[in-house]
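What follows is a short report on a single structure.
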Amino acid sequence: MTRDEVLDLFRRSGALLDGHFRLTSGLHSPGYLQCALVLSQPDLAERLGRALADRIRAVRATVVLSPAIGGIVIGHEVGRALGVRALFAERQDGRLVLRRGFMLSERDRVLVVEDVLTTGGSTRETMDVAKAAGAQVTGAASIVNRSGGTVKFDVPLESLLDYSLPTYEPEKCPLCAQGLPVVKPGSRQVTA
Ligand SMILES: [Zn+2]
């Protein structure tokens, strides 16, 4: 799957919007990315999972581990494509932990799968969950990498789409300076 094909899937499902947006952080941006919208279509989720699995197959993972909630759907699809279990870690008292009877052992080779990688913080935290359970972390994968290539791990990292969007303080926003109305994503229908 090429970068353009991935971008096209995102645009067609409304998961990638162009315009002038006020993000949850309060910053303004000329684009908005919402992976959950593309993943809400099971056939697209399956295609993305297969494409991601193909890129990271060489690490020979025996299990996928994802951070909840964002990583669950794509982790499941990557697990399906690789023919391995797909587990997720979730927050309890602020820390990521394995619950629900999910088990990892020292024989497990873990692939950490996320929807969007920005700072790499939650991928790193998910790796720590696997290591704490005695398993070996062999790779990481995300649909989108927004880090601009700044995030590195000591295992291979694969993404389908390298995509970093600029963000601006409202008072320094060039789109505001042009007088373009700012939109809160999801507040109304926006055409890409
Ligand atoms: Zn603005």
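Of note:
- Based on Cα contacts under 8 Å between residues 6+ apart, the range 71-192 shows a relative contact order of 18 percent.
- The string of couplings for the range 159-173 from the Karplus curve (6.51, -1.76, 1.60, θ = phi - 60°) is 9, 7, 9, 8, 8, 10, 9, x, 10, 10, 4, x, 6, 10, 6 Hz, one whole number per residue in order, with x for Gly and Pro.
- Taking only protein heavy atoms and a 1.4 Å probe, the accessible area of the range 1-146 is 49% carbon and sulfur.
- FRET efficiency for Glu46 and Leu180, using Cβ-Cβ distance with R0 set to 45 Å, rounded to 0.05: 0.75
- A simple count of charges around Leu37, restricted to other residues whose Cβ falls under 13 Å of its Cβ and scoring Lys, Arg +1 and Asp, Glu -1, yields +1.
- Within the range 74-143, percent of DSSP bridges classed antiparallel, to nearest 5: 40
- Summed over the residues of the range 63-156 and divided among them, the accessible surface reaches 46 Å² per residue at a probe radius of 1.4 Å.
- Order of exposure, largest accessible area first, which applies to Met103, Met127 with probe 1.4 Å: Met103, Met127
- Residues in the range 93-100 carry Karplus couplings, in order, of 6, x, 10, 6, 9, 8, 10, 6 Hz; the curve used is 6.51 cos²θ - 1.76 cosθ + 1.60 with θ = phi - 60°, and Gly or Pro positions show x.
- Rg(Cα)/(2.2 N^0.38 Å) for the range 45-126, N = residue count: 1.02
- The lysines within cross-link reach of Lys131, meaning a Cα-to-Cα straight distance under 27 Å and a gap of 8 or more places when in the same chain, are Lys152.
- Folded to 0 to 90 degrees: helix 42-56 orientation relative to the chain principal axis, Cα: 60
- Proximal charge balance of Phe153 [Cβ under 13 Å; K/R count +1, D/E count -1]: -2
- Rounded tilt (10° steps) of 3-12 against the dominant C-alpha axis of the chain: 60
- Debye equation applied to the C-alpha atoms of the chain, log10 I(q)/I(0) at 0.10, 0.12 Å⁻¹: -0.43, -0.60
- Rounded tilt (10° steps) of 72-82 against the dominant C-alpha axis of the chain: 50
- Each peptide among 93-102, 157-166 gets the average number of other Cβ atoms lying within 10 Å of its residues, and from highest to lowest they stand as 157-166, 93-102.
- Sorting Val73, Val183 on solvent-accessible area from highest to lowest, probe radius 1.4 Å, gives Val73, Val183.
- Counting DSSP beta bridges with both ends in the chain, the antiparallel % (nearest 5): 30
- For the range 110-192, fraction of C-alpha pairs farther apart than 18 Å, in %: 56
The values are calculated or read from the model by the stated rules, or taken from the named source; none is laboratory data. Predicted model, so just to flag it, every value in this text is computed and none were measured. All Cβ positions, even for glycine, are placed from backbone atoms using ideal geometry, and neighbour counts span all protein chains on display. Just the protein is used for accessible areas: all its heavy atoms, side chains included, with ligands, DNA and RNA removed. Shrake-Rupley method; radii C 1.70, N 1.55, O 1.52, S 1.80 Å.
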